[in-house]
Amino acid sequence: MTLLTKTEELTAFCVANAAADFITIDTEFMRERTYWPKLCLVQLGGPQDVVAVDPLSKDMDLKPLFELLANTKIIKVFHAARQDVEIFVNLTGQVPQPMFDTQVAAMVCGFGDAASYETLADRLAGAKIDKSSRFTDWSNRPLSERQIEYALGDVSHLRTVYVKLRDQVIKSGRAEWVQEEMAVLTNPATYQINPQEVWRRFKWRADKPRLRAVLRELAAWREIEAQRLNVPRGRVLRDEALAEIANHPPETIHDLARVRGLSTGFAESRQGAEILAAVARIKTLPPEQYPAGDKRRVLPSGLGPVVDLLKILLKQVSEEHGVASKLIANVDDLEDIAADDNAEAPAMRGWRRELFGNTALALKRGELALSVDHRKVVVRPVGG
């Protein structure tokens, strides 16, 4: 087991792997008490060795790692990359490229909708992953041998997983499919948070324009404040309190103090004053500047059974071709296709149309039929 705690040790690893075709990467981080994830450990796998890098060591500067991530001649291999990449984007302002996500590739190769690393390590590398250390406190020092061993396992077996998935993708002619899916992960915009759009994440429906405007203003204020203080959003203002303020906008400190979960001290604080100011701004906002809500999807009468048939077809196509169904189409796609042969759904473009979209249209037109043969759903031409 190798734990690097000095910059020169990291530099030596990066220099030794500067000509590698690929490196495997994973991270351990904490964010229960912070807004931004706190990087606690970086695991790296080269062709010959695997190491864990301690970013919390006083003798560690991650600059050599950042230079390695910026090397466009080396493929950076992650599993379920989004959170790991978010950390590096926050630290460097850049997305590591080129990049390969084994979870995305596994979806293309028939391992299901969201294959875990444990599943892939077992099936492709013959390795059993002990995940008992997953939820340990990675910020505590010193790290135990068990923690380090667990962490290194996340990049050592990933090398074999990557090579086998890469070969399967190439052999099946689906490399472009993987690249298309990777485009989201390699887009810097994926990791940018617009405070003015955060309100859309709320589960409850803001069905009135003015309510949406207040919610947008409050959610944006909370997001900026949480970033400034580097604390979780709920530490600034809980969702329940934010929702109550949006539904019953306070005008005075007394009104704000009456919100459940808030105190008079909070209402009288700088944060309380900023909340009241945010609510007051909505009073002067022209209604045409209120945010538009999401359009409710209303299916034309009688299309429910058509959507159900398309769901069965999607499942059949997914299993037949060994591609995760959610990678091909989602329920919104199916509803759009059921309602309109010229739907702009992603499932009606590129490889998805070739694999599923054209067949879905043929089923709608009555040119194909679904039947059961030896307990399996099959697609047959009508009259065939």
- Regarding Ser144, is this residue under 21 Å from Phe29 (Cβ atoms), touching a Lys or Arg at 6+ places or on another chain (Cβ under 9 Å) and not aliphatic (A, V, I, L, M)? no
- helices (runs of 4 or more DSSP H) wholly inside segment 224-274 containing at least 2 residues that are modelled with pLDDT of 95 or more, buried (at least 16 other Cβ atoms within 10 Å of the Cβ) and not charged (D, E, K, R): 239-247, 253-257, 264-267
- Task: Just name the residue that is farthest from Gln103 (Cα to Cα) out of those in segment 179-199 that are surrounded by 13 or more Cβ atoms within 10 Å (Cβ to Cβ) and under 16 Å from the mean Cα position of the chain (by Cα).
- Result: Val198
- The number of residues in segment 61-76 that are loosely packed, with under 14 Cβ neighbours inside 10 Å and basic (Lys, Arg) is 2
- Looking at (1) within 27 Å of Pro47 (Cβ to Cβ); (2) outside any helix (DSSP H, G or I); (3) of a type outside the set (Phe, Trp, Tyr), which is the only condition Ala206 fails? (1)
- Message: Just to be sure I understand, how many residues within segment 104-137 are aromatic (Phe, Trp, Tyr) and surrounded by fewer than 20 Cβ atoms within 10 Å (Cβ to Cβ)?
- Response: 1
- Query: Among the residues of segment 165-178, which ones are over 19 Å from Pro98 (Cβ atoms) and open to solvent by 70 Å² or more (accessible area, probe 1.4 Å)?
  - Reply: Lys171
- Message: I'm told Ser57 meets every condition in (1) in contact (Cβ under 8 Å) with a residue 60 or more places away in the chain; (2) closer than 16 Å to Leu3 by Cα; (3) open to solvent by less than 30 Å² (accessible area, probe 1.4 Å) except one. Can you identify the failing condition by its number?
- Response: (1)
- Message: Just to be sure I understand the filter: pairs with C-beta atoms under 8 Å, separated by 6 or more residues or on different chains, first member in segment 70-89 and farther than 20 Å from Val161 by Cα, second member among the polar types (S, T, N, Q) and open to solvent by 50 Å² or more (accessible area, probe 1.4 Å). Which pairs pass?
- Response: Ala70/Thr92; Ala70/Gln94; Thr72/Gln97; Phe88/Gln94
- Message: When the residues of segment 1-35 are narrowed to those that are touching a helix residue (DSSP H, G or I) at 6+ places or on another chain (Cβ under 6 Å) and either in a loop (DSSP other than H, G, I, E, B) or on the phi > 0 side of the Ramachandran plot (or both), which ends up surrounded by the most Cβ atoms within 10 Å (Cβ to Cβ)?
- Response: Tyr35
- Message: Take the conditions over 25 Å from the mean Cα position of the chain (by Cα) and β-branched (Val, Ile, Thr) and apply them to Val331. Does it pass?
- Response: no
- Query: Do you know which of the residues in segment 282-302 that are at pLDDT 90 or above and surrounded by 13 or more Cβ atoms within 10 Å (Cβ to Cβ) is farthest from Ala213 (Cα to Cα)?
  - Reply: Leu285
- Note on the structure: Flagged pairs (Cβ under 6 angstrom, 6 or more apart or on separate chains; first in segment 139-157, within 16 Å of Val53 (Cβ to Cβ); second assigned to a helix (DSSP H, G or I) and open to solvent by 50 Å² or more (accessible area, probe 1.4 Å)) are none
- Item | Any pair with Cβ under 8 angstrom, 6 or more apart, that starts in segment 163-185 at a residue that is without any contact (Cβ under 8 Å) to a residue 24 or more places away in the chain and ends at one that is polar (S, T, N, Q) | Val184/Thr190
- Task: Quick one: in segment 307-321, of everything that is open to solvent by 80 Å² or more (accessible area, probe 1.4 Å) and within 25 Å of the chain's Cα centre (by Cα), which residue is farthest from Glu367 (Cα to Cα)?
- Result: Glu319
- So which residues in segment 200-214 are open to solvent by 60 Å² or more (accessible area, probe 1.4 Å) and either in contact with a strand residue (DSSP E or B) (Cβ under 9 Å, 6 or more places away or on another chain) or within 15 Å of Pro249 (Cβ to Cβ) (or both)? Lys208, Pro209, Arg210
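The values are calculated or read from the model by the stated rules, or taken from the named source; none is laboratory data. This is a predicted model, so every value here is computed, not measured. A quick note on method: Cβ atoms are made from the backbone with ideal geometry, for glycine too, and the neighbour counts reach across all protein chains shown. Note: areas computed on protein heavy atoms with side chains; ligands, DNA, RNA excluded. Shrake-Rupley method; radii C 1.70, N 1.55, O 1.52, S 1.80 Å.
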